[in-house]
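Trainee: Provided herewith is a single structure, encoded as structure tokens, for subsequent inquiry.
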Amino acid sequence: AKQNPSNERLPAIVSIIYHQGEKPWPYSLNIKDQFVDPALAMEYFGNPLLIDLPAISDEELKKHHNIGPVEIILKHVRQKDFERKLRLMISSLQTVDYNSKEIVLRYILDFIDMPDREFIKTIGECLPEDMELAMSLSEQLIQQGFQQGRMNEKFDMAKNMLAKGLDERLIEELTKLSKAELSNLKEETKH
């Protein structure tokens, strides 16, 4: 709707389900074949495409307009040598729209074992016209790190309070941890 403000009708929206396994999908690629009641499922589920990435060559994926680079990344992101190919993969995103780039780069972050700063630097080098995106991701990572640091401080404080025998309700009140979080923390400290 944002992309077509003057148009009263929305463009077609196609749902896509990607299989990213190491081996090709061993079942039917017709999604309705996966349901006990295909007609009922399609009535509520729509008719998404099921794409088996391992069964499609990178050359074929490159022919998929705009989404091809994203599909190649999705296909390879879980492979052990992905980080070696990272620069090439990120560079391939130059033709992809901004929102898709952001989603895919966040997704990559979950799978790579690379310091955040190095990853952001790589984005800046491979996608120089998208420095705003790199900076946005950098700020978000800093904020997440800050929030994680605050949570760690709360947990450390709660551990110390538990060790000193303070009342659990008082610990919950002071640390703002939930009963479940405090209970889990107690279990961890027992082991």
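The values are calculated or read from the model by the stated rules, or taken from the named source; none is laboratory data. A quick note: this is a predicted structure, and the numbers were derived from the prediction, not measured. Note: ideal-geometry Cβ built from the backbone for every residue, glycine included; neighbour counts use all protein chains shown. Note: accessible area is taken over every heavy atom of the protein model, side chains too, but ligands, DNA and RNA are not part of it. Shrake-Rupley method; radii C 1.70, N 1.55, O 1.52, S 1.80 Å.
Trainee: Kindly provide the GluC sites (Glu not before Pro) of the range 1-44 that DSSP labels as loop, not H, G, I, E or B, and whose Cβ sees at most 15 other Cβ atoms within 10 Å. Please list the in-between numbers first.
Mentor: Values: sites: GLU8, GLU22, GLU43; in loops: GLU8, GLU22.
For GluC sites (Glu not before Pro) across the range 1-44 that sit outside H, G, I, E and B with at most 15 neighbouring Cβ atoms in 10 Å, the list reads GLU8, GLU22.
Trainee: What does the extension gain come out to for ALA12 and LYS121, with contour length at 0.36 nm per residue minus their alpha carbon separation? Kindly include the intermediate steps, with their values, before the conclusion.
Mentor: Numbers: separation 109, 0.36 × 109 = 39.24 nm, distance 3.65 nm.
My answer for the length gained is 35.6 nm.
Trainee: Using the structure shown, list the pairs from LYS63/LYS85; LYS2/LYS85; LYS85/LYS159 with a Cα-Cα distance above 31 Å, or answer none. It would help to have the intermediate numbers written out before the result.
Mentor: Details: LYS63/LYS85 20 Å; LYS2/LYS85 35 Å; LYS85/LYS159 42 Å.
Check vs 31 Å cut-off fails for LYS2/LYS85; LYS85/LYS159.
Trainee: Classify the range 1-45 as rounded, prolate or oblate, taking a ≥ b ≥ c as the square roots of the eigenvalues of its Cα gyration tensor: rounded when a/c is under 1.5, otherwise prolate if a/b is larger than b/c and oblate if not.
Mentor: Details: a/c = 5.20, a/b = 1.75, b/c = 2.97.
Oblate, since a/c reaches 1.5 and b/c is not below a/b.
Trainee: Follow-up. At 1.4 Å probe radius, can you tell me the per residue accessible area of the chain in Å²? Write down the numbers at each step before the final one.
Mentor: Details: 13570 Å² over 191 residues.
Here the per-residue accessible area is 71 Å².
Trainee: When the accessible area of the range 1-75 is computed with all protein chains present and a 1.4 Å probe, what percentage of it is carbon and sulfur?
Mentor: Working: 3130 of 5710 Å².
On the range 1-75, the fraction of accessible area on carbon and sulfur atoms equals 55 percent.
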